[in-house]
Amino acid sequence: MKKLWHVATMLALAGCSDSPEERADRAQQAFDRHEYRAAQVDLAAALSEKPGDPALLELHARNALAMGDGVAAAASLEKLPEQRRPDDYGPLAAEAALLRDLPDEALASLGSDRSPGALRIRALALLAKDDREGAAQAFAAGVAGGADARLLADYARFSLMAGNVRQARDLVDRAKRADKGSIDAILADGAVATAEGRLAEALAAYDSAAKSYPGNLAALSGKAAVLGELGRTKDMDAVLASLGDVRGGGQVAYLQARSAVARKDWVTARSILQANEKSLDGNDEASVLYAQSLVALGQPEQARARLQPMLTRNPQSAVLRRELGKAQLAAKDAAGALATLRPFASVLTADPDDLRLLARAAELAGDPEAARLAEKAKYPTPQALAATLAQADTAMRSSNWGAAIAGYERIIAVTDGRNPLVLNNMAFAQGKVGNTAAAVDYATRALREAPGNPSVMDTLGWLLVQSGQDRPRGLTLLRDAAKKAPDNQAIAGHLKAAEGAQAPPRSNG
């Protein structure tokens with residue numbers, strides 16, 4: 001014990017050797033590097049010796065805001081002498097109030113300030129008061145007044161909430177042009193790219209934000225969410241584990257539950273969702289996960305109680321209809337499930353899985369239409385297949401890799417899975433989102449079905465070269481593809497890049 005005390009004392013004395021000025025300088029450097037936790041440690045130590053220093057108080061407030069701590073920011077701002085307050089004191093105080101869920105106080109702090117920064121906070125405060133029209137007007141006025149990256153990024157998120165993805169993309173691109181290093185612009189880019197189905201781009205954006213702003217909750221949770229969409233559950237778990245003791249509330253809890261559901265760990269999923277029920281209030285996706293967990297754990301009645309009001313509010317949701325039907329079947333209420341699922345029968349483009357679920361409910365309920373529904377569920381309608389293929393192909397053309405993968409997965413599941421075009425496109429899309437193993441598998445299957453097709457040869461060859469999995473075979477495939485299609489510029493480009501990447505160094509002789 002004495003030895004441990006001695007070591008602790010020496011460490012404490014070593015820390016005390018730093019002056020408040022040295023601490024302040026180190027905190028400023030950490031703040032500039034976006035390492036807000038490190039800055040917080042030095043700021044706390046410096047303020048303990050110089051509690052009224054205006055420069056320290058201002059930096060502490062700005063650092064606290066960057067960490068999302070409105071309470072600490074407000075405390076430091078209130079201690080600033082009026083003559084030492086920065087020019088943006090109003091917006092800073094307003095943001096601190098907003099982080100404490102005090103939109104009226106935020107609006108009062110802004111006063112008549114019409115700067116872009118103030119209009120951004122005004123819009124968010126009005127949004128917190130559910131005044132969407134007022135928020136839209138404030139955002140529009142702010143954008144008209146200048147190219148402020150944070151304002152543009154928040155306006156993009158607002159547009160995304162309203163379902164206007166095209167406007168959100170335009171605003172994000174403007175935010176990136178205004179300040180490509182802005183965390184708000186990068187995060188908004190990730191959110192919009194996700195909505196567009198450009199999951200590879202979304203992952204790159206969140207990864208960039210996480211590297212530039214270490215420990216940023218939004219960046220890490222966004223990255224985890226995209227990894228979950230890509231089915232990379234292990235990578236998703238690794239990102240969630242890196243959050244450590246960061247308090248992410250409902251956002252992180254939802255992702256943790258989603259990961260548990262992907263692993264079929266229903267007990268963990270239910271425990272996470274129960275513990276965070278208050279912070280997840282209003283999150284329909286979390287409610288669906290909760291219902292799925294309850295059904296899996298033999299509590300379908302509780303799942304029904306959650307899902308029925310949600311479906312009443314949103315009767316067009318196929319997900320809610322499907323999950324409620326499953327819960328009703330699990331509760332042995334076949335008649336109720338049949339009533340819930342019957343609308344799928346009249347949808348020409350209905351998912352075959354939904355039709356099979358409907359047929360099962362009809363059989364258990366003794367419905368006279370059961371046999372017809374069962375026959376209908378055996379094969380997707382031509383309209384359903386055509387619609388799914390059209391959606392997947394459109395997604396491919398617009399680089400919406402997530403939607404393309406989902407579409408091709410549905411097609412492969414309800415056919416013999418041997419269409420080389422579908423398999424080749426699936427391989428290409430999987431490669432674009434970083435699922436290399438799956439991409440190579442689909443490309444190999446496509447080549448098996450169409451061994452002489454140059455486009456198929458190109459897809460597999462380029463994947464093998466890019467991944468380093470089998471460069472010699474990849475080069476052979478690319479060369480053969482180039483011979484078969486000498487005018488195909490994409491194949492020629494892949495071959496040139498592959499040969500250049502492993503060309504031997506030239507001799508000086």
Exercise. Filtering the range 291-338 down to residues that are assigned to a helix (DSSP H, G or I) and hydroxyl-bearing (Ser, Thr, Tyr), which residue is farthest from Arg360 (Cα to Cα)?
Worked result: Thr312
Problem set entry | Conditions (1) in contact with a Pro (Cβ under 7 Å, 6 or more places away or on another chain); (2) open to solvent by 20 Å² or more (accessible area, probe 1.4 Å); number of the one not met by Ile121 | (2)
For this session: Considering every residue within the range 371-383, establish whether at least one is part of a helix (DSSP H, G or I) and under 31 Å from the mean Cα position of the chain (by Cα).
Result: no
For this session: With the condition kept exactly as written, say whether any residue in the range 157-169 is open to solvent by 50 Å² or more (accessible area, probe 1.4 Å), more than 24 Å from Asp32 (Cα to Cα) and of a type in the set (D, E, K, R).
Result: yes
Exercise. Which one is surrounded by the fewest Cβ atoms within 10 Å (Cβ to Cβ), of the residues in the range 202-228 that are of a type outside the set (S, T, N, Q), in contact (Cβ under 8 Å) with a residue 40 or more places away in the chain and more than 25 Å from Leu289 (Cα to Cα)?
Worked result: Pro214
For this session: Take the residues in the range 62-105 that are open to solvent by 70 Å² or more (accessible area, probe 1.4 Å) and of a type in the set (A, V, I, L, M), then tell me which one is nearest to Ala27 (Cα to Cα).
Result: Met67
Problem set entry | Residue check for Ala136: surrounded by fewer than 23 Cβ atoms within 10 Å (Cβ to Cβ), closer than 21 Å to Asp184 by Cα, of a type in the set (Gly, Ala, Ser) and modelled with pLDDT of 90 or more | yes
Exercise. Considering the range 253-277 alone, what residues qualify as being in a loop (DSSP other than H, G, I, E, B) and either touching a residue at least 24 places away in the same chain (Cβ under 8 Å) or on the phi > 0 side of the Ramachandran plot (or both)?
Worked result: Arg263, Lys264, Asn276
Exercise. Which number in (1) part of a helix (DSSP H, G or I); (2) of a type outside the set (D, E, K, R); (3) over 24 Å from Asp179 (Cβ atoms) marks the one condition that Val143 misses?
Worked result: (3)
Exercise. Out of all the residues in the range 433-452, is one or more open to solvent by 30 Å² or more (accessible area, probe 1.4 Å) and in contact (Cβ under 8 Å) with a residue 60 or more places away in the chain?
Worked result: yes
For this session: Collect the residues in the range 129-152 that are touching a Pro at 6+ places or on another chain (Cβ under 6 Å) and farther than 17 Å from Leu92 by Cα, keeping them in residue-number order.
Result: Lys129, Gly145, Gly146
Exercise. Is it true that Gly231 is in a loop (DSSP other than H, G, I, E, B), open to solvent by less than 20 Å² (accessible area, probe 1.4 Å) and touching a residue at least 60 places away in the same chain (Cβ under 8 Å)?
Worked result: no
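The values are calculated or read from the model by the stated rules, or taken from the named source; none is laboratory data. All of these numbers come straight from a predicted model, not from anything done at the bench. No Cβ is skipped: glycine too gets one built from the backbone with ideal geometry, and neighbour counts run over all protein chains shown. SASA here: full protein model, heavy atoms, side chains in, ligands and nucleic acids out. Shrake-Rupley method; radii C 1.70, N 1.55, O 1.52, S 1.80 Å.
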